[in-house]
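I have placed the structure first, in the form of structure tokens, so that the comments after it can refer back to it.
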Amino acid sequence: MTALTALASASGTDPWEKVALGSGIGVPVAIGGELTPEMLLWAYRRGIFCQPRDDHASIVDNERTYTPDVIAGDIPLLPGPGNPYATLWWSPATRYVIPVSEIHLGRTLHKTLRAAPWTTTVDTAFPDVVTACGTARQPRWLTGQLIEALHTLNAGGWVKSIEVWHHDELVGGLFGCCMDGVFTMDSTFHTLTGASKTAIADLAHRTSAGTISLLDAQVRTEYTTRMGARPLPRDAYRRHLDAGPRTPGRLLTGRLPTNRLLTWDRQRTRAITPTTAPQDAS
């Protein structure tokens, strides 16, 4: 049973099924294990994401920081090759999510969409988006092993990318796990101002295929909260995941102009009153 079919099959073996996850705030829910496509895919399904490390200093720091919690039994140490402290699994007690129907495109983004001659695509340049997301981010978490697993899941339709283009130049994008019900946005990047927000707005529009209702920002960031991200308790987030079928989510495909998002946003927000719309001038 491969990662490409495991979730869709009742006979698929969940490697997390017998793991007693830690529940501490601000610490990983598990450490170690094998970073395989199957392990990663089932982790997404359980509301868990991975942030591994491949540099010695970070691994040593992880070991020094979390060994007391492991010894106390608050964080399970999973069997696997190499130093377990190179692989940290996270599931925040409070998740930040953007309901697709309530995403907010601020005035600055509207101005960008009116002026920029941009287009967007889906899965046209997945390797380039992943590489760009990992560039200049320290400590490095998009390790070679994680990237290999992501490529496998992308081939199976479970992980997708959104690309933002200025003519033929890739200027922004995002990637993440695309399951029915939730798109988990793992990372974004931009080389031109507003391109990462444009990728998120474009993703929200492309979910009009009807199978995704939440964009998962994972943790709180200033720019995603301005776009409508709100806190959701971990248990509620997991219930939302469990309510969806175990199949890849669907997105509208094709190269599309970003200025279409202006019309879509106006049509979508006509029924939202000023008291319920996010009060953000950005």
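Where a number appears in this text, it was derived from the coordinates with a stated rule and is not lab data. These numbers come from a predicted model, not from an experiment. So basically every Cβ, Gly included, is an ideal-geometry build from the backbone, and we count neighbours across all protein chains shown.
Key figures for this structure:
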read-out	value
Most mobile listed residue (Thr225, Thr13, Thr152) in the chain, GNM with C-alpha springs under 10 Å	Thr13
Over the chain: helical MRE at 222 nm, DSSP H runs n ≥ 4 each giving -39500 (n - 2.57), nearest 500	-9500 deg cm²/dmol
Options (1) 98, 63, 59; (2) 61, 41, 39; (3) 54, 38, 36 - which one matches Cα extents along the principal axes in Å as calculated here	(3)
Prolate/oblate/rounded call for the stretch 27-129, Cα gyration tensor, a/c under 1.5 rounded	prolate
Cα shape, the stretch 138-282, gyration tensor, a/c 1.5 rule	rounded
Highest-first arrangement of 250-256, 228-234, where packing means the average Cβ count within 10 Å	228-234, 250-256
Set of lysines near Lys197 by C-alpha distance (under 20 Å), chain-local residues within fewer than 8 positions excluded	Lys111, Lys160
Note, ³J(HN,Hα) from phi for the stretch 56-70, Karplus 6.51, -1.76, 1.60, rounded to Hz, x at Gly and Pro	4, 4, 5, 5, 4, 5, 4, 5, 5, 6, 9, 4, x, 5, 5
